[in-house]
Each structure stands twice: as C-alpha cells, then as structure tokens.
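Peer 1: Encoded as structure tokens, here's the structure I'll be asking about.
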Amino acid sequence: MTSPLDGLQRATHATVLDGPGQVDAAIRRQVAVGQPPPELAALVKKIRDEAYRVTDADVDALRAKYTDDELFELIISAALGAAEHRLGRAMAALEGA
C-alpha cells in the first residue's frame, strides 16, 4: 500500500539516519533499529517502549560522553526508528485484515 507521504517519510529517514551529523551515521542507524551501543541501550529502549517515561535524568546520565547535539541526534534516531517500526507493524496488520 502506498501513501502520498511515502516520499516525505523516505526523505526524513535518509536525512536523520544518513545525513550529516555529529554522531556517526552507522550509530544512528543502530539506534534506529533498537540495537544501540551498550551505554545507550537503556535510553533507546525507553524511547522505543515508553517514551513518555523519559526524564531529564535519563539524558543527563549520558552527558559525560555525549554533547547536547549528539544526544539530540540519538534521541531523534531512536524516535524515528520506533515510529517506523510501529508503522510497519500497522501496515502489516492492515494488509492481513
């Protein structure tokens, strides 16, 4: 099933995960598919499963290793990956109905 928003979705995916950034694109892609480096695992899991529970403390715990710009990119990558995962499951359910 195609959508008029498919092009926008592809462009957003490419920009967030493969475009220029402070964090290496390979790490952004790992975060998006829910397979981040160990130090990011708790935050990425929380973003994917219960984003409403993410607190300042969750982000502050990573400030020793990551800058604000890097954390922003990682959080956006995790959120994009979670959204794409949910969209894929929803589309599969619709096709199976």
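Taken together, the values in this text are just the output of simple stated rules run on the coordinates, not laboratory data. These figures come from a predicted structure and were not determined experimentally. When we count neighbours, we look across all protein chains shown, and the Cβ atoms used for this are built from the backbone with ideal geometry, even at glycine.
Peer 1: Using helices alone, I'd like the mean residue ellipticity at 222 nm for the chain: each DSSP H run of four-plus residues gives -39500 (n - 2.57), total over residue count, nearest 500.
Peer 2: Calculated from helices alone, the mean residue ellipticity at 222 nm is -21000 deg cm²/dmol.
Peer 1: To the nearest 20 debye, what charge dipole does the chain have about its Cα centre, counting +1 at the Cβ of each Lys and Arg and -1 at the Cβ of each Asp and Glu? Before the final figure, lay out each step's value.
Peer 2: Numbers: 11 positive and 15 negative charges, 61 e Å.
Computed about the Cα centre, the dipole is about 300 debye.
Peer 1: Also, I was wondering about something else. Could you list H13, H85 so that the one with the fewest beta carbons within 10 Å of its beta carbon is first and the one with the most is last?
Peer 2: Starting with the residue having the fewest Cβ neighbours, the order is H85, H13.
Peer 1: I'd like the orientation of helix 68-96 relative to the chain: the angle between its Cα long axis and the longest Cα principal axis, in ° from 0 to 90, rounded to 10.
Peer 2: 20 degrees
Peer 1: Rounded to the nearest 0.05, what FRET efficiency do E39 and R10 have when you use their Cβ-Cβ distance and R0 = 41 Å?
Peer 2: Once rounded, the FRET efficiency stands at 0.85.
Peer 1: Fewest first, what order do S77, S3 take by the number of other Cβ atoms within 10 Å?
Peer 2: S3, S77
Peer 1: Convert each backbone phi in the stretch 21-26 into a coupling constant with the Karplus relation 6.51 cos²θ - 1.76 cosθ + 1.60 (shift: θ = phi - 60°), then list the ³J(HN,Hα) values in order as whole Hz, x for Gly and Pro.
Peer 2: Working through the residues one at a time gives x, 6, 9, 3, 4, 4 Hz.
Peer 1: Distances over 18 Å make up what percent of all Cα-Cα pairs in the stretch 16-95?
Peer 2: Of all Cα-Cα pairs in the stretch 16-95, 39 percent lie more than 18 Å apart.
Peer 1: A further question on this structure: Place a point 7 Å from the Cα of A97 along the Cα-to-Cβ direction; which residues of the stretch 1-15 have their backbone N under 19 Å from it?
Peer 2: Answer for this model: 1-5.
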